[in-house]
Amino acid sequence: MAASDCDCNPCCTCQGRLCDSRLSNQSVASALERAGHSGAAGRMFLWAGTKGAQRPNERRTIYQKIREYDILDKRKTVTALKAGEDRAILLGLSMIFFSVMMYFVLGITMVRSYSDSVWTEESSCTVLNSSIIAEINCSYSCGAECWKSSRYPCLQVYVSLNSSGRVLRLSHNEEAQEANPECFYVPKCRKDHAMMHTLVVNISERLKTQHQVPCYYDPAEQQDSVLLTRLYGSSAIFSSLLWPTCTLVMGMLIVAMVKLTQYLSILCEQISRIKRCLALPGQC
């Protein structure tokens, strides 16, 4: 049967083939259409994905660079400040430790001698008599485990205390009083006896020319002697304690200022973080 006959007769045998060919043509067209839509969608996805990926990457890269420089600068600054603060605290603690040690040394030497002394009141005395009464034996070192004997003259001085009129012996200081209370001055024992004798004679002549001399006495009147000078007076104690006190105060100020600076820096950082969170809540 001819094709034209099939076209004219819908009941002919070629109708199935013709319908099959039409169905196949429609399926191919629909497949091509779907492929076209999928290709366009793929191209749109690739274009949109590439475009959307490049801009955030570029922004993130620039932000990361700026952020890295900022973090490095902050780390360098924080490291430098931390090292400086540690050195300052170490300096302050060293000054405090040094002042405490100085207080300990002065306390067992000068302050103790000053507090144990009973000759606390100052007055004036009139020299009554100054004479050498005897020769006192002494010993001096001539080397390792070597001692030789010598002598020094004992100068005895009597004075009248003007505040009470009492006649008392005069000693040079606390050390001379402890070494020999009968002698005004106890020189260091030497080999040359003539030099020590000349020294004591000169002191005696000088005391005779000065009729009025300052002296320190015991206000309780339990001592029968007075002192010409105190080994450690109030002025000496004050001057010796002044420098350790200044060192202690400076050390404490250094430590306190460093701690205050650290506290203020932490407080400023917290305030700036709170302000940043209020301005940009998404970054908190």
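The values are calculated or read from the model by the stated rules, or taken from the named source; none is laboratory data. Since the model is a prediction, treat every value here as computed from it, not as a measurement. Here Cβ is always computed from backbone atoms with ideal geometry, including for glycine, and neighbour counts include all displayed protein chains. Ligands, DNA and RNA are stripped out before the accessible areas are found, and what is left, the full protein with its side chains, is counted by its heavy atoms. Shrake-Rupley method; radii C 1.70, N 1.55, O 1.52, S 1.80 Å.
Are there strands (runs of 3 or more DSSP E) fully within segment 119-228 with at least 3 residues that are among the small types (Gly, Ala, Ser) and either touching a residue at least 40 places away in the same chain (Cβ under 8 Å) or open to solvent by 70 Å² or more (accessible area, probe 1.4 Å) (or both)? List them.
Answer list for segment 119-228: 121-143.
Just a yes or no: is a residue in segment 85-103 under 30 Å from Lys259 (Cβ atoms), modelled with pLDDT under 85 and open to solvent by less than 70 Å² (accessible area, probe 1.4 Å)?
Yes, segment 85-103 has at least one match.
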